[in-house]
1. Apply the Kirkwood formula to the chain: the hydrodynamic radius equals the inverse of the mean of 1/r over all pairs of different alpha-carbon atoms; give it in Å with one decimal.
2. Keeping every protein chain present and rolling a 1.4 Å probe, give me the accessible area per residue for the range 39-89 in Å².
3. Keeping the other protein chains in place, figure out the carbon and sulfur percent of the accessible area of the range 9-76, with a 1.4 Å probe.
4. Which of the helices in the chain, when you take each full DSSP H run, stretch at least 20 Å along the axis at their Cα atoms and have an average Kyte-Doolittle score of 1.6 or higher?
5. In whole percent, what relative contact order does the chain give with Cα contacts below 8 Å and a gap of six or more residues?
6. What length, rounded to one decimal in nm, is gained on full extension from residue 34 through to residue 72, with 0.36 nm per residue of separation minus their alpha-carbon distance?
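The values are calculated or read from the model by the stated rules, or taken from the named source; none is laboratory data. All figures in this text were calculated on a predicted structure; none of them were measured in a lab. Heavy atoms of the whole protein, side chains included, go into the accessibility calculation; ligands, DNA and RNA do not. Shrake-Rupley method; radii C 1.70, N 1.55, O 1.52, S 1.80 Å.
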Amino acid sequence: MGSQAPRAGPRAGLFDSNILIDYMLGRPAAAETIRDCGDRSISVVTTIELLADAIILATVRVHRLPLVTRNTRDFPASGSGFIVPYTLA
């Protein structure tokens with residue numbers, strides 16, 4: 001699978017949690033995709049996924065603990081307050 005040229009955002013779409021997480025992390029491509037979509041929706045599953053991540057982050061921040069995870073898709077491995085003890089090959 002080679003690199004693909006960027007596409008314009010859809011006129012309507014149900015957004016996956018990865019796009020929304022990218023948006024919250026300040027990734028310009030995600031912001032443009034969301035902005036360019038006229039009719040935006042998210043599923044109940046996406047809402048639950050986002051709330052679960054938000055609750056996890058809030059919990060570690062309130063208790064001033066690092067988050068120990070190998071979930072580098074949703075949490076930045078290089079970010080302050082995150083520990084990635086190992087990765088799977």
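1. Numbers: mean 1/r = 0.0671 Å⁻¹.
About 14.9 Å for the chain.
2. Values: 3950 Å² over 51 residues.
Result: 77 Å² of accessible area for each residue.
3. Whole-percent figure for carbon plus sulfur exposure: 59.
4. Details: long enough: 44-62 (26 Å, 1.76).
In the chain, the long hydrophobic H runs are 44-62.
5. Numbers: 78 pairs, mean separation 21.0, N = 89.
Here the relative contact order equals 24 percent.
6. On the way: separation 38, 0.36 × 38 = 13.68 nm, distance 2.25 nm.
That works out to 11.4 nm of additional length.
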